[in-house]
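Enquirer: Dropping a structure here in structure tokens format, bear with me for questions.
The values are calculated or read from the model by the stated rules, or taken from the named source; none is laboratory data. Quick caveat, the model's predicted, so the values are computed rather than measured. Using ideal geometry, Cβ is built from the backbone for each residue, glycine included, and neighbour counts are taken over all protein chains shown.
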Amino acid sequence: MGAMMYFEENRNDTLQKKFGILGKSAHVQSMLETIEQVAPTDISVLIAGESGSGKELVALALHKHSKRAHKPFIIVNCGAIPAGIIESELFGHKKGAFTGAQSDRKGYFQSADGGTIFLDEIGETPLETQVKLLRVLEQGEFFPVGSSSSVKVDVRVVAASNRNLEKEVDVGTFRKDLFYRLKAITIMVPSLGDRKEDIPILANKFANDCAIRNQIIFKGFSEGAYQIMSQHRWPGNIRELKNFIESMVILEKGGVIKTDAIYRYLNAESTPTEMNPLLPVKLDRNVDQAERELILQQLFMLRREINEMKELISHGIQARPAAEDSPDEYQPALEVLPDDQDQDVSNGDTGPIINPNMMGSLTASQVERELILRSLQRFNFNKRKTAQALEMAERTLYRKIKEYGIAQEN
């Protein structure tokens, strides 16, 4: 039994080093074994997991350990490309195909010929683009925008999404045939909450890398510090943990990082939900809520400040009117929190009055809808500026506008 246990641990260590993915949890071990089986093949792969969980690292491991490793690895964030130009970006275009197309241009698929293309957030692609993606997967060819001649490519497609594509198929926003073509091999990347035993390993890795990179002395974490980090929820997953660790190592350089430092940097708003009575809702995170939580997380961090303002507001003190925005300056979307529109202008007051009870009574969906609506109003329903202010993909904004039935003001 002891020899078998040693063999399993030794094999797991070997796979971690081979693929550059750390973790001793059962979830990670299972994922590493799947990568080992799938990487040498040419089959398309769908990677599912929450934002920040490490999907790109899995895609890179698949490429590096395939027969295409010496060829290009092209990363495409489908959610960051505006719908109007995504086909040109993916498949290229011919000169004169549209205004501004002054010469022929290769797309990402041609650039990835012989190698691997990683389509991150594939769920954000428009339906008409999904048709072309299916053709590439099935026939290895596509038509550049404005061309009547097809282009042949030899590309392995690895796609990823933090959304439940099966549900997207049910509501008609993702093609069923493309989904089934991709899901033949699906690799589930666990959230950090599902692999908490890996947090000390990851924290040490990030801390040591940061110390070496910045030439800082790092003396390690206390046992209590590990315990606190392992209990934290980390809604931003590995990305959030990495940023948190690097900030601490730089600011606390030279000493052992103990519990007081962890508490200080996590602060009350970012401790686990059940420990924070100020949070208006309890979030049971899943893939579909990933985008929503990124917005709500910031709203909840203001909750304490709003409570502290209640006493002042109850005495009739108004919030300062926001300064007029420069057309090109994107202020944080949080400045457009719900306010009371029934202002008393008889005495010359024109600033918005904050309703101190608003945040506590709204549901998560209502808060998000209100935030989006206020942001749209702030930027005169300019979708691009609104999406940038909300740090949201433009196509995601369009989808949510439709979902919440938000109509443009006349």
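Enquirer: Which is within 21 Å of residue 58 (Cα to Cα), buried (at least 16 other Cβ atoms within 10 Å of the Cβ) and outside the structural domain of residue 111 (by TED's automatic domain parsing), of 203, 159? Break it down stepwise before answering.
Expert: On the way: 159 fails: outside the structural domain of residue 111 (by TED's automatic domain parsing).
Of the residues listed, the single one that is within 21 Å of residue 58 (Cα to Cα), buried (at least 16 other Cβ atoms within 10 Å of the Cβ) and outside the structural domain of residue 111 (by TED's automatic domain parsing) is 203.
Enquirer: Give all pairs with beta carbons closer than 8 Å in which a residue from the range 145-156 that is assigned to a strand (DSSP E or B) meets a residue that is surrounded by 13 or more Cβ atoms within 10 Å (Cβ to Cβ) and basic (Lys, Arg); count only pairs at least 6 apart in sequence or on separate chains.
Expert: Listed by first residue and then by second, the contacts come to 145/94; 156/68.
Enquirer: Then there's this: Just to be sure I understand, how many residues within the range 207-249 are in contact (Cβ under 8 Å) with a residue 60 or more places away in the chain and of a type in the set (Gly, Ala, Ser)? Don't jump to the end; show me each part of the working.
Expert: Step one: of the range 207-249, the residues in contact (Cβ under 8 Å) with a residue 60 or more places away in the chain are 235-240.
Add one more test, that the residue is of a type in the set (Gly, Ala, Ser), and what stays is 236.
Adding up the residues that qualify gives 1.
Enquirer: Can you spot a residue in the range 204-216 that is in a loop (DSSP other than H, G, I, E, B) and closer than 21 Å to residue 264 by Cα? Please lay out each step first, then the result.
Expert: From the range 204-216, those in a loop (DSSP other than H, G, I, E, B) are 215-216; that's our starting set.
Now restrict to residues that are closer than 21 Å to residue 264 by Cα: 216.
Yes; the residues of the range 204-216 include at least one that is in a loop (DSSP other than H, G, I, E, B) and closer than 21 Å to residue 264 by Cα.
Enquirer: If I ask for residues that are of a type in the set (A, V, I, L, M, F, W, C) and crowded, with 17+ Cβ neighbours inside 10 Å, which ones from the range 170-187 would you list? Give the derivation first.
Expert: So in the range 170-187, the residues of a type in the set (A, V, I, L, M, F, W, C) come out as 171, 174, 178-179, 182, 184-185, 187.
Selection gives 174, 178, 179, 182, 187.
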